[in-house]
1. Taking 41 Å as R0, compute the FRET efficiency from the Cβ-Cβ separation of residue 444 and residue 401 and round it to 0.05.
2. Take every DSSP beta bridge whose two residues both sit in the range 167-300, then give the antiparallel share in percent to the nearest 5.
3. What distance in nm separates the simple spin-label points at residue 17 and residue 267, each placed 7 Å from Cα in the Cβ direction?
4. Using Cβ-Cβ distances only, list the Cys residues of the chain with no partner cysteine under 4.7 Å, sorted by number.
5. Quick one: Karplus J couplings for the range 311-321, per residue in order, coefficients 6.51, -1.76, 1.60, θ = phi - 60°, nearest Hz, x for Gly and Pro?
6. Quick one: length gained pulling residue 37 to residue 5 fully straight, 0.36 nm per residue minus the C-alpha distance?
7. For the range 1-141, calculate the relative contact order in percent as a whole number, restricting contacts to Cα pairs under 8 Å that are 6 or more residues apart.
8. Using the 10 angstrom Cβ neighbour count as an exposure proxy, how do 427, 211, 397 rank, fewest first?
Amino acid sequence: MLQPEYEAMPRAELQALQDERLEALVRRVYQAVGFYRKQLDSAGVGADPIRGSKELARLPFTMKSDLRDNYPFGMLATDRDRLARVHASSGTTGTPVVAAYTRSDLDVFAEVMARGLAAAGGRAGSILHNAYGYGLFTGGLGFHAGAERLGMTVLPMSTGATDRQVKFIMDLRPVGLACTPSYALTLAQEIQRRGVAPDDISLEFALVGAEPWTETMRAEIERLLGARCLNVYGLSEIIGPGVAFECAEGRQGSHINEDHFLPEIVDPESGESLPEGSEGVLVITTLTKQALPLLRYWTGDVASLTSEPCACGRTFVRMSPVRGRTDDMLIVRGVNLYPTQIEEALGKVPELTPSFEIVLSRDGVLDVLTLHVEVSEDFYRMIGQRALSDEVIESHERLRELKARAIRVLRDSVGLHAEVVFLAPGEAPRSEGGKLSRVKDLREVR
Ligand code: DLL
């Protein structure tokens, strides 16, 4: 543990620290940010600070649209000339969301990332292969600074050029890999294709995040790389990666760096706070951010929290894996569906892989869900690497049985009938390093 004085702080002490920081934060944003002064006035809080986190619900939510409406620097709590760096996330709607940092914000960013890397098994002198994108995206530079803080040797690969990535992993023998889970899978499959056994890969851990992923992906990445695969969560608006991280001991949810980020779970419809264990939208208040402090930021990510003790000894609460963003939820024939549910279900069919694409189309008025999914290398070899057309499937008993089983497992897990199309290894869309979208929605807009 890098900073046990914080990471394993007794809960009562931690709560006192959070309360103190929260009260100072509310006072500061009221003074410094016109947007928050208006918000706090209309919420009836005004300049009189709230008393601790038990009064958190009195504060208004901050939405992504608030950041867009105040683009680029309208919500800064410091003077512009105190900014040390700016990141941005493009999003899908046009106006980027700008994340601004003072020196001290960058310091916190490096610190929380170093904690996450240490929890995964990073240590001074060992090599981190950093295949997160460098640039406006917070992944590359965030991991870079965290690894340097820990004294690791950073290989700043950034994304793309998979051949060269594989060469460096094999030649430089890094201990850690940092990238999106979908790109970790691309790299692992590429290494496997070259006939390298997991035992001959130097990696001890992969620290992955930036997109939803499941135990199915974890099992496949770990099997192919022979390394533990752990989660890191974060978002540009809050700081970047490092809001929460999984520990090697627990692997049951990600510890939120609660001395800096105060989490809540709320009902997506009513905004009411939900009790521990319930699934809802994760809302985060930044406790120490200087440039862009945020009150009750609505992440849109669906997760739950637990404060059950963890094997690692950290006292920070843990968030469950993110099921998805509320805006990424699909509605198929009236049934709510997150792509992670499909990924999870695929884990129950050993002949299939987590390389898949969901295609939504329409037949008359009915939604049609088609899952295009790669069969495993072993299975493909076993069936003689034949083309996977409908005729072949119909005439081949193992394939016919596999298809019927896949359809059954999907129906049982997600409550929907899916058409299943088998792909040969390598045929599904691959991540080139960034976040991978696994959904093609061909239904016309209603
Ligand atoms: O993705 C920061 C990051 C970089 C996190 C590298 C982890 C590793 P944004 O581009 O602003 O920032 O996207 C933030 O990505 O609201 C989630 O929807 C999603 N996300 C991030 N981490 C995870 C994760 C970075 N571990 C958005 N699991 C968030 C699921 C994640 N979703």
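None of the figures in this text is laboratory data; all of them are computed from the coordinates on show. Every value quoted in this text rests on a predicted model; they were computed, and no experiment measured them. Here the Cβ is made from the backbone with ideal geometry for all residues, glycine too, and neighbour counts use every protein chain on show.
1. Values: r = 36 Å, r/R0 = 0.87.
FRET efficiency, residue 444 to residue 401: 0.70.
2. The answer is about 60 percent antiparallel.
3. 3.4
4. Unpaired cysteines in the chain: 179, 229, 310.
5. So the J values, rounded to whole Hz, are 4, 7, x, 5, 9, 4, 4, 10, 9, 5, x.
6. Values: separation 32, 0.36 × 32 = 11.52 nm, distance 3.44 nm.
Answer, rounded to one decimal: 8.1 nm.
7. Values: 129 pairs, mean separation 27.6, N = 141.
Dividing the mean separation by the residue count of the range 1-141 yields 20 percent.
8. Numbers: 427 16, 211 21, 397 7.
Listing 427, 211, 397 from fewest to most nearby Cβ atoms yields 397, 427, 211.
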